[in-house]
Amino acid sequence: MKDEELDIAYFLSFCIEQYGKKYQLSGDEVVSLFDRYEVLSYLEENFEVLHTQGHRWLMEEIDEKINSKEINL
């Protein structure tokens, strides 16, 4: 695995863990939610910008992504 791929994997894991802590969800529940609302692909595609932000900002960004997808469903 290349360094950047590893960095992205760690970042995605971090986001899953932090989101789970915020909402008291298991890792599987977070992954299912992120999959449903295309959050993982969003985080991966925007890694360069997003990984430089703090975890609180990231959690708000993820909430906004989920909320915007819910409205459009």
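Some values worked out for this structure:
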{"read-out": "Neighbourhood charge, 15 Å Cβ-Cβ cut-off, centred on Glu64 and excluding it, Lys, Arg +1 and Asp, Glu -1", "value": "-1"}
{"read-out": "Total charge dipole magnitude, region 16-70, about the Cα centre, Cβ charges on Lys, Arg, Asp, Glu only, Debye to nearest 20", "value": "200"}
{"read-out": "Non-local Lys pairs in the chain, i.e. 8 or more apart or on different chains, that have alpha carbons under 22 Å apart", "value": "4"}
{"read-out": "Semi-axis lengths (Å, descending) of the ellipsoid that matches the C-alpha gyration tensor of the chain", "value": "19, 14, 12"}
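Just so you know, all these numbers are worked out from the coordinates, no wet-lab data involved. The model shown is predicted, which means the values in this text are computed figures rather than measured ones. With ideal geometry, Cβ positions are generated from the backbone for all residues, glycine too; neighbour counts draw on all protein chains shown.
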